[in-house]
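Every number here is computed from the coordinates shown, using simple stated rules; none is lab data. In this text the structure is predicted, and so the values were computed from the model without any measurement. Counting neighbours? That spans all protein chains shown, and the Cβs are built from the backbone with ideal geometry, glycine included.
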Amino acid sequence: MARRPRIEFAGAIYHVLNRGNYRADLFDSAGAAQAFVDCLFQTCERLGWRLHAYCVMRNHYHLAVETPQANLVDGIHWLQSTFGNRFNRFRGEHGRAFQGRYQAILVEPGLHLARLVNYIHLNPVRARLVTLDQLGQFRWSSYRYLTRGEDGRPPCLVCHDWLHALGKMPDSPEGWRAYHDHLAWLTADDRRQKEEAFERMSRGWVYGGEDFQKNLVTEFKRMMGAKDWGGAEVDEINRVEWTRQLHQALRVLGRDLGDAKAETKSAAWKIAAAAWLKSRTNVSNRWLGEQLHMGTPDAVSRYVGECARGERSEAQSLAKKLTTRVRG
C-alpha cells in the first residue's frame, strides 16, 4: 500500500522525531551531533523555518518546528539526506543513517506548543544525562542557545510565542530564570509531567485540544476530497522563486542562460551559482542541472560538494561574491 502524503500547510507546527537506523547510537560523538545541528540550522535558513526547540540525544532527535510555507517534506528530506551523506563520508560507511519514516506530529500553537518545548528541553534530564542545573551546558539542545539571549542564538531559533503562553515570560535573564523555575517545578513531581501529557508527545498524528483536532479533520477531508494537498501550487511557487534568484545571481556574474548552454557543465560560474542558490533555498539538483546545463542531479551534487570543500577555489570565490553582492 502506498504511503499517505504528509500533512503540510503554511504555518503548521510539528513535533518531528526520528532514530538512528536499527536504533544505533547515531550521535555518539560530539562531531556527529554538531554536524546534525549544523545541518538543522542550514535547513531552517534554506526553508525559512522557525525553530522553537530541538534536542539531539545519542540515537534520536526531537524538533519543534514551524513551517511558514508548506515545505516540511522538502526540509526533512534535505536535513536527513545531507547529514546522512556527511556522516557516511566521515565514517566511510554506506546506507541509511536513520530508521524508516520520521514522525511528524501536528501541534496546536500556544500552550500545547509550550508543553512540547518543555518536553524537548527536559529530554536530557529525564534520561539522566545531566541535571536540570547542568542543562545550560548540554551542547545539543536549544535550551543552551536560548538562555544566552538574542545575541547568542541563530536567527531561526524563536521563543516569544511559547514563553508568552507559559505565563507571559519575557525573553530576558529574568524570564529565563522563571522558565528554569518552571522546569524545576515540572521535574519535582512526575504527576505534573503526566498532567502535561508528556507520554502523548511522541504518539499519534496531532497534539492539541479537541477543537483544534476537529478543525484539522474537517479541513483535511476537504483537501483530500479536492485532491488539494498543496503540492502542485507549492512546486510552482518554488520554481518562480528559484528562477528569480538565479537571474539575480547571473546578473552579478555577468552571465545568462545562453552562456550556460554554451559552456562546459563544470564551469566555475555555474557551480558558484548552484552552490549559492542551494545555500539559501530548497532548490533541487535536477532543476539546477536543467537550467544551468550541468548534467545529472548527482553531478550537480558533486560539483557543489567540491565547491564547499574548497576543491574548486574559483567557484568558491564566485559564490562568496554572490553572498555579499546579491540582496533579497
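Given the options Gln245, Pro173, Ile13, identify the residue whose Cα lies farthest towards the positive end of the charge dipole of the chain (+1 on Cβ of Lys, Arg; -1 on Cβ of Asp, Glu).
Checked the options; the winner is Gln245.
Between Glu241 and Thr218, how many nm apart are label points set 7 Å from Cα along the C-beta direction?
3.0 nm
Any cysteines in the chain with zero other Cys Cβ atoms under 4.7 Å from their Cβ? List them, or say none.
Flagged as lacking a Cys partner: Cys39, Cys55, Cys159, Cys307.
With Cβ to Cβ distances under 12 Å as the rule, what net charge do the other residues near Trp49 carry (K, R +1; D, E -1)?
Numbers: positive: Arg46, Arg50; negative: Glu45, Glu66, Asp74.
Result for the local shell: -1.
Determine which residues of the range 241-269 fall in the zone a paramagnetic label at Ser279 would reach in this model, i.e. backbone nitrogen under 16 Å from the point 7 Å along Cα→Cβ.
Taking a point 7 Å out along Cα→Cβ of Ser279, the residues of the range 241-269 whose backbone N falls under 16 Å are 245-246, 248-250, 252-253, 268-269.
Note the full-extension length gain between Asp189 and Glu210 as 0.36 nm times their separation in residues minus their Cα-Cα distance, in nm to one decimal.
Numbers: separation 21, 0.36 × 21 = 7.56 nm, distance 2.64 nm.
Once the chain is fully extended between Asp189 and Glu210, it gains 4.9 nm.
Work out how much length Leu111 to His164 would gain on full extension: take 0.36 nm times their residue separation and subtract the Cα-Cα distance, in nm to one decimal. List each step's numbers first, then the result.
On the way: separation 53, 0.36 × 53 = 19.08 nm, distance 0.89 nm.
Gain in length upon complete extension: 18.2 nm.
Can you list residues whose amide H is under 5 Å from Val158's amide H, if they're 5+ apart or on another chain and H is modeled 1.01 Å from N?
Leu51, His52
How large is ³J(HN,Hα), in whole Hz, for each residue of the range 31-45 in order, when computed from phi with the Karplus curve 6.51 cos²θ - 1.76 cosθ + 1.60 and θ = phi - 60°, using x for Gly and Pro?
Coupling constants for the range 31-45: x, 5, 5, 5, 4, 5, 4, 4, 5, 4, 5, 5, 4, 4, 5 Hz.
Using a Förster distance of 25 angstrom, determine the FRET efficiency expected from the C-beta separation of Lys320 and Gln137, and round it to 0.05.
Details: r = 34 Å, r/R0 = 1.37.
So, using R0 = 25 Å, E works out to roughly 0.15.
With runs of 4+ DSSP H residues as the only contributors, calculate the mean residue ellipticity of the chain at 222 nm using -39,500 (n - 2.57) per run, divided by the residue total and rounded to the nearest 500.
Values: 15 runs with 176 residues, N = 328.
Mean residue ellipticity at 222 nm (helix-derived): -16500 deg cm²/dmol.
Once phi is turned into θ = phi - 60°, what whole-Hz ³J(HN,Hα) does the Karplus curve with 6.51, -1.76 and 1.60 give for every residue of the range 260-276, x standing for Gly and Pro?
Karplus-based 3J(HN,Hα) across the range 260-276 equals 4, 6, 7, 9, 5, 4, 9, 4, 4, 5, 5, 4, 4, 4, 5, 5, 5 Hz.
For volume of the Cα convex hull per residue in Å³, which listed value, (1) 158; (2) 141; (3) 121, comes from the coordinates shown?
(1)
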